[in-house]
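Structure first, then comments.
The values are calculated or read from the model by the stated rules, or taken from the named source; none is laboratory data. From a predicted model like this one, the values you see are computed outputs, not experimental measurements. Glycine gets a Cβ as well: all are built from the backbone with ideal geometry, and neighbour counts include every protein chain shown.
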Amino acid sequence: MKTITFNSLKGGMERPLICNDFKAAFERCGVVAHPVAPAPAFNISKTTDDPLATYLSDIYSATGNLAGLSAISVPCGKNSKGLPVGIQFVATTKHEKLLLSAAEVLEVFVVG
């Protein structure tokens, strides 16, 4: 028997809303770009005891998974403290070539 947690139950309730938002976006574009996380990566020498900060670090990247879409996360630079910042590209299923092309454009023209 599967144990249903609050997070999985909430994710299930939010899934139709997330799917509808992405569907509307894909009527206007082929790829959606958004941050991987709401803040830069944690410093490798430091850990966080804040469970909310840890939970929120995955909140943006989970949307594509909840909607059953294809996604790729790539580094796109560093913040003023030298910590990496990432961007995630999301596309409809079976459009992995489009995602790889978007990542390549970012790498060649932005990150360089």
Screening Gly86, Gly77 for residues that are within 30 Å of Lys23 (Cα to Cα), out of contact with any Ser or Thr (no Cβ under 7 Å at 6 or more places or on another chain) and not charged (D, E, K, R) leaves only Gly77
Within the stretch 89-107, restricting to residues that are over 20 Å from Pro35 (Cβ atoms) and touching a residue at least 40 places away in the same chain (Cβ under 8 Å), the one that is surrounded by the fewest Cβ atoms within 10 Å (Cβ to Cβ) is Thr92
Take Gly86 and tell me if it is at pLDDT 85 or above and in a loop (DSSP other than H, G, I, E, B). no
Condition set under 11 Å from the mean Cα position of the chain (by Cα) and not small (Gly, Ala, Ser), scope the stretch 44-65, selection farthest from Lys23 (Cα to Cα): answer is Asp58
Residue count, the stretch 15-41, condition at pLDDT below 90 and either in contact with a helix residue (DSSP H, G or I) (Cβ under 7 Å, 6 or more places away or on another chain) or not in a helix (DSSP H, G or I) (or both), comes to 7
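Any residue at all in the stretch 52-61 that's of a type in the set (Asp, Glu) and part of a helix (DSSP H, G or I)? Write out each step before concluding.
Taking the stretch 52-61 and keeping what is of a type in the set (Asp, Glu), we get 58.
Now drop any that are not part of a helix (DSSP H, G or I), which leaves none.
No.
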